[in-house]
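The values are calculated or read from the model by the stated rules, or taken from the named source; none is laboratory data. These numbers come from a predicted model, not from an experiment. Reconstructed Cβ throughout: ideal geometry from the backbone, glycine too, with neighbour counts over all protein chains shown. Heads up: the accessible areas ignore ligands, DNA and RNA and are worked out on the full protein's heavy atoms, side chains in. Shrake-Rupley method; radii C 1.70, N 1.55, O 1.52, S 1.80 Å.
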Amino acid sequence: MKRPQIKQYNGTDWPMKAAGLISDDINNVLSEKGKCSLMLTGGRSAARLYKAWRDLPAFQQMTGVSFYFGDERCVPPDHAESNYGMAMQTLFPNGVPTGCAVFRMEADATDQEEAALRYADLLPDLIDVLLLGVGEDGHIASLFPNNAALQECKRLVVHITGPKPPFERLTITPQIITKARLVFVLEPGSVKAQVLLTPLQSAVNYQQTPVRLALKNATWLLNVPFTQEQNERLS
C-alpha cells in the first residue's frame, strides 16, 4: 500500500515548520517551471498555517503563483464561513504578492451548478501544490464519506450537499487530488491523528475514508507527534 511521508512537529512549531516546508516546495516548482498552481484549503489549522506563512520573506517575494481553492461553502465572500474570506484575512491581509493571482470559487452564485463548471474551466491541467485539511470523519475538501461526489469521474468541480452546515458547497473531485503533483495534508490534534491510522493500517476504501485519496505524492503534517504505540502500529 502506498504511504505518505509523515512529518511530526509539536504544536508550537507546527505552523512555521509546515509553512517553511510548503514554501520550499513552491520555490522548487517556480525554479523548474517559472509558475506554480497552488490550491488552498479552509479550517482552523489552515488559518494558523497562513498566519505563519505570510510572515516568511519567501512568501512576500514570490511571484508567478496562482492560488485556487479546493472547496467553498455557498456563502458570500465576507461570511465567517467563507474559505476565501478566511484566506484573505490570514494569508493576504497585506494584499496578494506582486505577480500572483487568487481565483475565488464563486459558491455564492445563484446557479451553483454553473459556478462549478466555471471554476473547473479556470483550473490548470494539474495542481502543483495541493493543501488539504481533514475532518474527524476523514473528509477532505468537501468530499464527505459516501458522498456521490467521490464517484465523479468526469467533472473537476461539483456542487454537493454535505452533512454539516453550511450544507451547500462546491468541491473539487477525486481527479484533482489524485493528479496533483504535491499534496500536503494538514493534520491537527491527537483525535485527528488517530483518524490517519485507519487508512494507513486497513483496506478501507476512499468512499468510506476520503483522506485515503491523499496517499500518493503526499506529505502529512502533524502538529502533535504520534504516540509510541501509534508509531509502532505504523511500523
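No other residue among Ala80, Ala52, Ala47, Ala19 is free of Cβ contacts under 8 Å to residues at least 12 places away in the same chain and among the hydrophobic types (A, V, I, L, M, F, W, C) apart from Ala80. The residue that is least open to solvent (accessible area, probe 1.4 Å), among those in segment 195-217 that are of a type outside the set (A, V, I, L, M, F, W, C), more than 21 Å from Leu21 (Cα to Cα) and modelled with pLDDT of 65 or more, is Pro210. Taken together, the residues in segment 57-109 that are open to solvent by less than 30 Å² (accessible area, probe 1.4 Å) and more than 23 Å from Ile172 (Cα to Cα) amount to 3.
When we screen Tyr84, Tyr68 for residues that are hydroxyl-bearing (Ser, Thr, Tyr) and in contact with a Phe, Trp or Tyr (Cβ under 6 Å, 6 or more places away or on another chain), the only hit is Tyr68. Taking first residues from segment 121-137 that are free of Cβ contacts under 8 Å to residues at least 40 places away in the same chain and partners that are surrounded by 22 or more Cβ atoms within 10 Å (Cβ to Cβ) and among the β-branched types (Val, Ile, Thr), no Cβ contact under 7 Å between residues at least 6 apart in sequence or on separate chains turns up. Remark: pairs (first residue in segment 154-171, in contact (Cβ under 8 Å) with a residue 24 or more places away in the chain; second residue open to solvent by 10 Å² or more (accessible area, probe 1.4 Å) and among the basic types (Lys, Arg); Cβ separation under 8 Å; 6+ apart in sequence or on different chains) = Pro166/Arg73; Glu168/Arg73; Arg169/Arg73.
Among the residues making up segment 135-161, those that are touching a Lys or Arg at 6+ places or on another chain (Cβ under 7 Å) and surrounded by 19 or more Cβ atoms within 10 Å (Cβ to Cβ) are Ser142, Ile160.
Residues are listed down the side, and each one gets a yes or a no for (1) on the phi < 0 side of the Ramachandran plot; (2) open to solvent by less than 10 Å² (accessible area, probe 1.4 Å); (3) in contact with a helix residue (DSSP H, G or I) (Cβ under 6 Å, 6 or more places away or on another chain):
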| residue | (1), (2), (3) |
| --- | --- |
| Gln5 | yes, no, no |
| Gly11 | yes, no, no |
| Trp14 | yes, yes, no |
| Lys17 | yes, no, no |
| Asp25 | yes, no, no |
| Leu30 | yes, no, no |
| Met39 | yes, yes, no |
| Gly42 | yes, no, yes |
| Ala46 | yes, yes, no |
